[in-house]
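The values are calculated or read from the model by the stated rules, or taken from the named source; none is laboratory data. None of the values given here were measured: they were computed from a predicted structure. With ideal geometry, Cβ positions are generated from the backbone for all residues, glycine too; neighbour counts draw on all protein chains shown.
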Amino acid sequence: MVQKYRNLFVVALAVVGMVGAKSAFAAADEFKIATVDMQKALQSVEDGKSAKTQLDKVVASKKKEIETEGNSIKKMHEDFKKQSLVMNEEARNKKQAEIQERFVKFQETQMRFQEELQKKEQELSEPIITKLRKIISETSKKKGYAMVIEKNEKIVLYSQEKDDLTSDVISTYNKGGKG
């Protein structure tokens, strides 16, 4: 919720800035604003597709490990339920503690995997985003745009298709160009 209001504040601030900038650029022909869908660009460039494939492989292998351990714990718990009626209290408590400890380790493993995955995703996407930003900057300068706003449903509610640089940026990136 705070993020939503922060985004709205940033947009409002940008609009106020644009109005002020527009009057400052009154001598110029036009104050043009472009949009770029960074998420689409990141997922559409060849390096982005390659990064996604690498992440998918990591996820698939870890998911298999996690599912195996989860099933093992589930089986332990089911076996415990069946055997608990004939166990003495000490054995029951010991087995219950063992299952609980294994479950806690399992949850820690899941959290560690999520952290590793986020780190790997950032590691793979950061150089792509850096290159995309450079291409966006050069493309917008070349086309005479004074400002480029990231296009997503929370910030940009409407923009004309002619002012969307996403396809140009993807094409330039995949050609290995600089804008």
Worksheet item: Within region 132-155, can you find the residues that are surrounded by 16 or more Cβ atoms within 10 Å (Cβ to Cβ) and of a type outside the set (Ser, Thr, Tyr)?
Response: Leu132, Ile135, Ile136, Ala146, Val148, Ile149, Lys151
Worksheet item: With respect to Lys151, is the statement that it is closer than 19 Å to Ser50 by Cβ and of a type in the set (Lys, Arg) true?
Response: no
Fill in: Filtered residue count, region 44-89, keeping only those that are farther than 23 Å from Glu115 by Cβ, of a type in the set (D, E, K, R) and surrounded by 15 or more Cβ atoms within 10 Å (Cβ to Cβ)
1
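One line per residue, one yes/no per condition, for (1) free of Cβ contacts under 8 Å to residues at least 40 places away in the same chain; (2) farther than 30 Å from Lys49 by Cα; (3) out of contact with any His (no Cβ under 6 Å at 6 or more places or on another chain):
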site: His77; (1), (2), (3): yes, yes, yes
site: Asn93; (1), (2), (3): yes, yes, yes
site: Glu98; (1), (2), (3): yes, yes, yes
site: Gln110; (1), (2), (3): no, no, yes
site: Leu117; (1), (2), (3): no, no, yes
site: Glu123; (1), (2), (3): yes, no, yes
site: Ile136; (1), (2), (3): no, no, yes
Worksheet item: How many residues does region 25-75 contain that are of a type in the set (A, V, I, L, M, F, W, C) and within 27 Å of the chain's Cα centre (by Cα)?
Response: 13
Worksheet item: Quick check: anything in region 121-134 modelled with pLDDT of 95 or more and in contact with a Lys or Arg (Cβ under 8 Å, 6 or more places away or on another chain)?
Response: yes
